[in-house]
């Protein structure tokens, strides 16, 4: 069980074996790309495809700014090697709106002022889109009561939204507004949300 | 990150064969830990063998009433699976207490069990670490180790195993299925992770080239309740300072069955046998629980003086109010008490294990 | 003559309206481009190499291996990098010599065709060092501490009024306590990044900065260029909180790399390197002594600070400064001492001075309230000064009492049982706390241009920066109000050094400084329009203004914003975990110019204060000399789940002694006082006084346990 050690020369990989061709469906469009195996989906989007909506905040899965939807589910694109995503459908913030018509989450973020610098916002939006789908599909969170029916959609209370959105850091501190915005969109999304979840945050403008 | 080859085998046998033929290969599952460590320069594989699309993604009911969880089942899917939520709530809770929604959507069952320590020295290739570079030393013992082990650590390593899921699996008496060049074998989760001893580079008993294919849960005890409790520095998205997975059954106020495991305290999920002994047959009261915890933690030791005991706050009376002014010409460094810092290590080769990320 | 475009009467477009931020749509659709999101043709990527010794010299840089890697075009070191002229910031003297002043100091830069290749190349650069002994630990008794003449903000390091020692010795009730705040990191979500490009003798840089005028000026000085040959664009900036206030290493390195290689170069700092490269809030050890009569009125107040700076630059966190103006006290000593250590250079982090200083002062006031058995809101009211204690100047406006009153009312402060440890909810203990907040009013000279265009629109040009405050929106509001035209007729250009130069976004003075210049330009334009006959010429009519004179005039008044923060916390008696249940801040900050974006800034500041209270902090590792917690997994900032109900309100404050808008800054006051309010609430919940931030489990659980066993 002696650990294998690399050959002293560092054991380089032949150049032909360092790249692969793959197909990615980006915001509904198929792209055939040749990528360095080291390239992450995030770097591919930002540096090669010109989709700079997904942000690099930490590059290590610790902040959520790079969140995209992969086959409809949210993921940190900074930790996804592009080569391993061959054939997958990837939705970035650029793909959320329907042409000029904004996604209800985008509308809600604008209306609630759910951002300041805007750098975490694309990740927040993609994450929130994932949250709406996950809750509708009955995926539990740490905030879901153990007694909840596994087959039923989860009601997105403020507490549920807070927990589910915790993988997206916002240093500007827009969290209370983000919770309201996600609750607004959830109410729009099909009644799985309790609007009251956000009501506790509503205040009148003085 | 240095260049590497990429293989996507179609089956388990092919994957295992590929690993045997490609030195310096790693299995790639969700990649949430492996890619992170490759960016840090902690992992430097020459070949990645992508096992994420192998047919290991199912959760099966077993004839004995247990469950077989494929190695590539995503953490979020496992946490949401009805049989898990209904019969093994501690497992669902542990999964949901870990990481973030995004990471749980990506991370696999196998990769979660094999994730590596969060020790800050391990993560920094410019510093010594016996786990990353055997024989270079363990600066965490005298350094920053607030989050590290108090049980079962050695002079060589005070790292902790970071998985929440593994803690629940330890309390549930789960088994790990491995498939290697020499065939298949099964290991109890409690035996799967090692204590560091003098070989901290080995997190687990997995052998070179072995692929983790599944986790088996024994039938759930019908009358037992289970729960996972995690203590952390922020309310979500943080590793455990300490956690506990508890499976308990009490009848008429007496503990009839108890399985406890701690997370965040040791190099492996810490099955608390001493605590269980105190609990069994004892009244299910707070006092019993406290005695059980004390029994288990009697062996707990801080690696050394806690780094946070360094107290900058002792205000010297001599300093105030007659503070000296800055010397106009003198080198301000002369008055300083300096200490020799540790040397940096050259980059030694990393050990290779058959490891799924 | 055309009809007067500015009819008399009340302004039709009042300041304060909750307009949606102008760049909002770009930000929610992902089309807003940040500094690293420009990729010119043939763009190369740079990756820095950080020193791995805490002090010493580089003896050799072996770049052979790195240069042999495919796609690598250069490795810059102190031996081949472009020479830089000296500027006021020695931390920008990068790759100029072999000296390593701290771990993490940049010693080389790899440049390659791709990000992947650049990262690999940086890892392959082999640097040898002659390491020297280093000292990175601040203690209050450190022999190297000295009293600096001035501290950050230009304040005197030491101030004495009356006879503190005698008054303190004579005081019937005294408190003597020491508080500590660990190193804190700004960690804006966008890492410091720049894309730099030399073309035809011109340098164009997209930089993540809080003020591109200053970046332009410094790059010109460093590279001995005419500022007119440099354009620095900071169109959208992903937060800064002080760490992007002045140029940081990334922009200088990117400019060196593009000059060296002749290609456009993009450089984004790795998150883990930011704590060493972009500044931090220096740790402080703070001794507070209060002496009071039985009525709670202070007779003696001392606030003494020990802090660190680097050997590169002297930066002194001015934590004792707020104690000079908060409360009345005839006898006062406020003093700083600093020791240069082998640590990264500290810099501004949201409310430098006020944030850590008010944690100590407001904790001490709470402790005094407990000693005196006086309600802490009441105790603060009893110590309200008539004039600024340290200067005897009149306040331009001071509504701390109003904030405390309104906050207490809205929060439901009363009735409040002052006893600690008596409100239980299962395993939880609950408590409430209050603290006051303050932040000074600054203003800096800025220039702006206002143009009436032939199509009936207006265009404002000013090099303001939007780091998330909504600068475009509020400047449009200011211009619209000054011009008395609808806001949607006003276009605002900001974020480029080609625009009229203006103050950076910092010190809570951006809006006041830019807005004043914009207002002045608009008023000049109005005058020009009044005098103009007939249709406008094709190029429109333009008026320019700068506020050098106004800013230089200063004010006979003491000008500060005030606020009061209330917090309710829960402490888990089983785990020791402390969480905030709700927070409320009430501020008096002059006229609020946009209620929507202002509320977001207040709440954002309070959220960062919550982080400072509960979880933020890093340690200098004595073994290696670097910050131990360098990434966002180890350095915890608040996550969504940590932030329950936070409300911010304000009281209407008419202050004619500020600027034409009547506004005070609001970007920083939210963080001030928050940590103390939370710590005070923890005391009320548990009876445990934690004087060293953050309020983590390890400091609380043993004392909860001891209290329980003591009681049992």
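The values are calculated or read from the model by the stated rules, or taken from the named source; none is laboratory data. Here the structure is a predicted model, which is why all the values come from computation and not from measurement. Methodologically, a virtual Cβ is constructed for each residue, glycine included, from the backbone with ideal geometry; neighbour enumeration extends over all protein chains shown.
Of everything in the range B:102-111 that is touching a strand residue (DSSP E or B) at 6+ places or on another chain (Cβ under 6 Å) and at the interface with chain A (Cβ under 9 Å from one of its Cβ atoms), the residue that is surrounded by the most Cβ atoms within 10 Å (Cβ to Cβ) is B:102. Within the range C:590-626, the set of residues being farther than 22 Å from residue C:400 by Cα and at the interface with chain A (Cβ under 9 Å from one of its Cβ atoms) comprises C:596, C:597, C:611.
Residue C:574 meets all of the listed conditions (1) closer than 23 Å to residue C:244 by Cβ; (2) assigned by TED's automatic domain parsing to the domain that holds residue C:354; (3) surrounded by fewer than 24 Cβ atoms within 10 Å (Cβ to Cβ) but one, namely (1). A single member of C:69, C:137 is within 12 Å of chain B (Cβ to nearest Cβ), free of Cβ contacts under 8 Å to residues at least 60 places away in the same chain, more than 17 Å from residue C:267 (Cβ to Cβ) and surrounded by fewer than 24 Cβ atoms within 10 Å (Cβ to Cβ), and it is C:69.
Confirm whether residue C:57 is at pLDDT 95 or above and under 30 Å from residue C:660 (Cα atoms). Reasoning before the result, please.
Details: at pLDDT 95 or above: yes; under 30 Å from residue C:660 (Cα atoms): no.
No: the conditions fail for residue C:57.
How many residues, within the range C:478-502, are more than 25 Å from the chain's Cα centre (by Cα) and assigned to a helix (DSSP H, G or I)? Number satisfying all stated conditions: 8. Scanning the range C:643-680 for residues that are under 20 Å from the mean Cα position of the chain (by Cα), within 11 Å of chain A (Cβ to nearest Cβ) and part of a loop (DSSP other than H, G, I, E, B) yields C:667, C:670, C:671.
Residues that are away from chain C (no Cβ under 13 Å), surrounded by fewer than 19 Cβ atoms within 10 Å (Cβ to Cβ) and not in a loop (DSSP other than H, G, I, E, B) within the range A:71-109 comprise just one, A:89.
Restricting the search to the range B:203-217, which residues are within 14 Å of chain A (Cβ to nearest Cβ) and crowded, with 19+ Cβ neighbours inside 10 Å? Hits for the range B:203-217 are B:203, B:204, B:206, B:208, B:209, B:210.
Being modelled with pLDDT of 95 or more, assigned by TED's automatic domain parsing to the domain that holds residue C:457 and in a strand (DSSP E or B) is the requirement here; does residue C:565 meet it?
On the way: modelled with pLDDT of 95 or more: yes; assigned by TED's automatic domain parsing to the domain that holds residue C:457: no; in a strand (DSSP E or B): yes.
Spelling it out, it is not the case that residue C:565 is modelled with pLDDT of 95 or more, assigned by TED's automatic domain parsing to the domain that holds residue C:457 and in a strand (DSSP E or B).
Just one residue in the set C:169, C:120 is in the same structural domain as residue C:259 (by TED's automatic domain parsing) and either in contact with a helix residue (DSSP H, G or I) (Cβ under 8 Å, 6 or more places away or on another chain) or not in a loop (DSSP other than H, G, I, E, B) (or both); that residue is C:120.
Scanning the range B:36-73 for residues that are out of contact with any strand residue (DSSP E or B) (no Cβ under 6 Å at 6 or more places or on another chain) and outside any loop (DSSP other than H, G, I, E, B) yields B:36, B:37, B:38, B:39, B:40, B:61. Taking the stated definitions as given, is residue C:361 outside the structural domain of residue C:103 (by TED's automatic domain parsing) and over 20 Å from the mean Cα position of the chain (by Cα)? The answer is no for residue C:361. Candidates are the residues of the range A:13-41 that are more than 10 Å from every other protein chain (Cβ to nearest Cβ) and not in a strand (DSSP E or B); the one that is surrounded by the most Cβ atoms within 10 Å (Cβ to Cβ) is A:41. In the range C:239-339, counting only strands (runs of 3 or more DSSP E) that sit wholly within it, the ones holding 2 or more residues that are assigned by TED's automatic domain parsing to the domain that holds residue C:154, crowded, with 24+ Cβ neighbours inside 10 Å and touching a helix residue (DSSP H, G or I) at 6+ places or on another chain (Cβ under 7 Å) span C:284-292, C:298-310.
Of the residues that make up the range C:174-181, is at least one surrounded by fewer than 16 Cβ atoms within 10 Å (Cβ to Cβ), under 30 Å from the mean Cα position of the chain (by Cα) and more than 8 Å from chain B (Cβ to nearest Cβ)? Checking the range C:174-181: at least one residue is surrounded by fewer than 16 Cβ atoms within 10 Å (Cβ to Cβ), under 30 Å from the mean Cα position of the chain (by Cα) and more than 8 Å from chain B (Cβ to nearest Cβ).
Given the conditions (1) assigned to a strand (DSSP E or B); (2) facing chain B (nearest Cβ under 9 Å); (3) closer than 20 Å to residue C:315 by Cα, report the number of the one that residue C:142 does not fulfil. Of (1) assigned to a strand (DSSP E or B); (2) facing chain B (nearest Cβ under 9 Å); (3) closer than 20 Å to residue C:315 by Cα, only one is false for residue C:142: (1).
Every condition in (1) in a strand (DSSP E or B); (2) surrounded by fewer than 23 Cβ atoms within 10 Å (Cβ to Cβ); (3) within 11 Å of chain A (Cβ to nearest Cβ) is met by residue B:77 except one, and the failing one is (1).
Just so you know, in the range A:175-187 the residues that are more than 17 Å from the chain's Cα centre (by Cα) and closer than 19 Å to residue A:117 by Cβ include one that is surrounded by the fewest Cβ atoms within 10 Å (Cβ to Cβ), and it is A:180.
Screening the range A:172-190 for residues that are more than 13 Å from chain C (Cβ to nearest Cβ) and in contact with a helix residue (DSSP H, G or I) (Cβ under 7 Å, 6 or more places away or on another chain) and picking the one that is nearest to residue C:605 (Cα to Cα) gives A:184.
Filtering the range C:204-258 to residues that are within 14 Å of chain A (Cβ to nearest Cβ) and at positive phi leaves C:239, C:241, C:242.
Take residue B:240 and tell me if it is in a loop (DSSP other than H, G, I, E, B), buried (at least 24 other Cβ atoms within 10 Å of the Cβ), within 14 Å of chain A (Cβ to nearest Cβ) and in contact (Cβ under 8 Å) with a residue 60 or more places away in the chain.
The answer is yes for residue B:240.
Considering the conditions (1) more than 14 Å from chain B (Cβ to nearest Cβ); (2) farther than 28 Å from residue C:629 by Cβ; (3) in contact with a strand residue (DSSP E or B) (Cβ under 8 Å, 6 or more places away or on another chain), residue C:277 is excluded by exactly one of them, (2).
Residues checked against (1) more than 12 Å from chain C (Cβ to nearest Cβ); (2) assigned to a helix (DSSP H, G or I):
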| position | (1), (2) |
| --- | --- |
| A:45 | no, yes |
| A:55 | no, no |
| A:59 | no, no |
| A:62 | no, no |
| A:65 | no, no |
| A:69 | yes, no |
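Between A:169, A:156, A:125, the distinction of being under 16 Å from the mean Cα position of the chain (by Cα) and part of a loop (DSSP other than H, G, I, E, B) belongs to A:169 only.
Rundown of residues vs (1) over 14 Å from the mean Cα position of the chain (by Cα); (2) under 26 Å from residue B:243 (Cα atoms), yes/no style:
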{"site": "B:119", "(1), (2)": "no, yes"}
{"site": "B:136", "(1), (2)": "yes, no"}
{"site": "B:140", "(1), (2)": "yes, yes"}
{"site": "B:149", "(1), (2)": "no, yes"}
{"site": "B:179", "(1), (2)": "yes, no"}
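For (1) in contact (Cβ under 8 Å) with a residue 24 or more places away in the chain; (2) within 11 Å of chain A (Cβ to nearest Cβ); (3) closer than 19 Å to residue A:166 by Cα, each residue gets a yes or a no:
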position: B:59; (1), (2), (3): yes, no, no
position: B:65; (1), (2), (3): yes, no, no
position: B:71; (1), (2), (3): yes, no, no
position: B:81; (1), (2), (3): no, yes, no
position: B:94; (1), (2), (3): yes, yes, yes
